[in-house]
Amino acid sequence: MNEARSMERIAGISGLLFATLFVVGALIAGTPDGDKPAKWVDFYNDSGHRMQLIIQGYLWVIAGLALMVFLVAAYQRFGAGTGTSGLYAKVAGGAAALFGVILLVGGVMMANVAGNVAFGGANVPKDGDLLIQLSGQGMALVLLAGGLSAALAFVAVSLLIIREQGPRWLAVLGFVAAICGILGVVFLPMVAVSIWTICAAVVLLRGPSQAAARKPQAAAA
């Protein structure tokens, strides 16, 4: 029991860390608005802006790793179970793991050019259109592919929470977050990913679920 509780605390802290780093990383870079190539070249020629992109990359990579740790909680908190519950748990874990990997790759892509210039001695590309495309690919990966994988994870884990008699409000919030994930081509809905993770992390930090507590009693009866 103590080991399981420790794991819940680690998972809860990891969830809070992911949510914080994910949002901060998205806000810290502040890439240029619009699609004027010259503006993007000037942006990358500024060492301060390049450092912001590098920091964003690091934050998203760490956030992705924190999310991996957070995933362990789904099995201990709400129960992996067998049959339908086991299927929900596997789908939720697989989809969320995919989102974590996408975040890792997206973070690297966003910081790629800035990192090559800062640490590899490369020159800033003079083709502003290329810079726009490279930045757009990293963000599209996170918002589109990441948003859809997160939406699948939210639906599966919400169904699992309902089946295992977990906090129903958290399940409802998960369905709302899933809709927002589908709309992730605009960043704002992706904030719901962090909001749901914060709520789930708080639930984890509060202690064992009622459903988990009922299982030993049922077994004893």
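Throughout, read-outs are computed from the coordinates displayed, never taken from laboratory work. Bear in mind the structure is a predicted one, so any value in this text is a computation, not a measurement. Cβ: placed from backbone, ideal geometry, glycine included. Neighbour counts: every protein chain shown.
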*asked:* Can you compute the FRET efficiency between R168 and I195 using 1/(1 + (r/R0)^6), with r the Cβ-Cβ distance and R0 = 25 Å? Round to the nearest 0.05.
replied: 0.90
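Determine the sum of side-chain charges near A156: Lys and Arg each +1, Asp and Glu each -1, restricted to other residues whose C-beta is under 11 angstrom from that of A156. Please list the in-between numbers first.
Values: positive: K90, R163; negative: none.
Summing Lys and Arg as +1 and Asp and Glu as -1 gives +2.
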*For the range 90-101, in order, what is each residue's ³J(HN,Hα) by Karplus, 6.51 cos²θ - 1.76 cosθ + 1.60 with θ = phi - 60°, in whole Hz (x at glycine and Pro)?*
5, 5, 4, x, x, 5, 5, 5, 4, 4, x, 5
*At a Förster radius of 22 Å, what calculated FRET efficiency corresponds to the Cβ-Cβ distance of I28 and A118, to the nearest 0.05?*
0.90
*Shape box of the range 2-208 [Cα atoms, principal axes, largest first, Å]*: 57, 32, 23
